[in-house]
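Input: a single structure, listed below in structure tokens.
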Amino acid sequence: MRTMKAPVLLVLVLTVWLNSGDCAPSSFSSSSSCSSPPSQWCSSLDSAVQCGVLKHCLESNFTRSRQTADPVAVALYYESLCPGCRMFLVNTLLPTWVLLHEIMTITLVPYGNAVEKPDGQKYTFECQHGEQECLGNMIETCLMNKTNAIQIIYCMESSYDVIKSAQSCLEIYNPDLKWDEVMSCVKGDEGNQLMHQNAMKTKALNPPHKYVPWITINGEHTEDLQDKAMTSLFTLVCSMYKGDKPAVCGGTQRVYKSYCHNE
């Protein structure tokens with residue numbers, strides 16, 4: 001698969017970094033008893049045990065339970081084929097979330113500069129970059145309605161062809177969700193109504209959006225916040241989190257360490 005500047009393999013590395021904590025090969029999904037994709041290793045006790053990451057999952061949940069303030073809410077209003085949107089999502093948003101997922105949340109709203117028109121009981125959409133972008137927006141919207149799709153969307157947006165990579169990205173990160181189910185949403189009333197909701201959310205922005213990517217922090221947009229998010233979202237989230245700063249932000253929060261000893 002051809003990729004943009006940030007390769008799709010990066011998300012595999014980031015996923016393992018998030019979901020693994022031991023040194024032995026059995027710690028990873030190569031374990032014969034592990035049938036879950038990396039994004040679901042900590043979704044249940046059984047998955048954590050089967051995939052050899054129980055220690056990490058328990059430590060991660062313990063850290064989250066000790067958070068002392070609400071996470072920083074980052075929302076991205078974007079278009080699936082907008083070059084600047086793809087660059088921000090791939091090079092900035094997801095890498096920042098990987099490092100700061102315990103103190104930040106992500107909301108993705110794929111719609112951007114599209115135009116919605118009523119058509120009976122449904123809606124039609126015209127997208128800035130054509131019909132393929134409308135399809136990409138719809139696929140990503142349906143994915144988010146059916147699963148935790150951030151890694152799938154990252155995989156799509158970092159690929160050379162966003163649309164053609166969608167099915168393979170889904171099969172990598174959530175093989176239990178069938179492509180036919182996603183496309184049923186895309187082509188049916190469900191997807192149409194979900195995209196209408198994206199249109200309403202975008203139209204409700206205050207101030208109204210003037211471009212994409214359009215970023216809000218805790219529901220607020222200013223040019224200063226936009227510039228800071230585009231320059232260093234990591235620094236912005238660390239500075240805006242009001243609780244005890246995690247160690248990665250330079251705080252004193254307890255850090256769990258795991259070593260591979262020389263035997």
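The values are calculated or read from the model by the stated rules, or taken from the named source; none is laboratory data. Not measured: the values here are computed from a predicted model. Methodologically, a virtual Cβ is constructed for each residue, glycine included, from the backbone with ideal geometry; neighbour enumeration extends over all protein chains shown. When the accessible area is computed, the model is the full protein with side chains, heavy atoms only, and any ligands, DNA or RNA have been set aside. Shrake-Rupley method; radii C 1.70, N 1.55, O 1.52, S 1.80 Å.
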> In region 167-227, which chymotrypsin sites (Phe, Trp or Tyr not before Pro) fall in coil by DSSP and have 15 or fewer other Cβ atoms within 10 Å?
Replying inline: Y211
> What net charge do the residues around K178 carry, taking every other residue with its C-beta under 13 Å from that of K178, with Lys and Arg at +1 and Asp and Glu at -1?
Replying inline: -3
> What shape does region 73-158 take by its C-alpha gyration tensor, where a ≥ b ≥ c are the square roots of the eigenvalues and a/c under 1.5 counts as rounded, a/b above b/c as prolate, and the rest as oblate?
Replying inline: prolate
> With charges only on Cβ, +1 for K and R and -1 for D and E, what is the dipole size of region 98-238 about its Cα centre, in debye, rounded to 20?
Replying inline: 180
> What aspartates and glutamates could a cross-link reach from K164, if we take a straight Cα to Cα line under 17 Å and drop same-chain neighbours fewer than 8 places away?
Replying inline: E79, E131, E133, E140, D180, E181
>> What distance in nm separates the two pseudo spin-label positions at N262 and A69, each 7 Å out from Cα along the beta-carbon direction?
In response: 4.3
> Among M144, A73, C85, whose Cα lies farthest out toward the positive end of the dipole of region 64-158, if unit charges sit on the beta carbon of Lys, Arg (+1) and Asp, Glu (-1)?
Replying inline: A73
>> Please report the accessible area of C249 (heavy atoms, 1.4 Å probe, ligands and nucleic acids excluded) in Å², nearest 10.
In response: 40
> Looking at this model, which pairs from K117/K187; K203/K245; K117/K228; K122/K201; K122/K187 are more than 23 angstrom apart at the alpha-carbon?
Replying inline: K203/K245; K117/K228
>> Taking 0.36 nm per residue of sequence separation and subtracting the Cα-Cα distance, how much length would be gained by fully extending the chain between Q197 and S33, in nm to one decimal?
In response: 55.0 nm
>> Could you check the spin-label model distance between Q121 and Y160? Points 7 Å from the Cα along Cα→Cβ, value in nm.
In response: 4.4
> Taking +1 at the Cβ of each Lys and Arg and -1 at the Cβ of each Asp and Glu, which of S232, T202, L170 sits farthest along the dipole of region 161-244 towards its positive end, judged by Cα position relative to the Cα centre?
Replying inline: T202
> What translational D, rounded to a whole number of µm²/s, comes out for region 157-254 from Stokes-Einstein when the hydrodynamic radius is the Kirkwood one over Cα pairs, at 37 °C and 0.692 mPa s?
Replying inline: 191
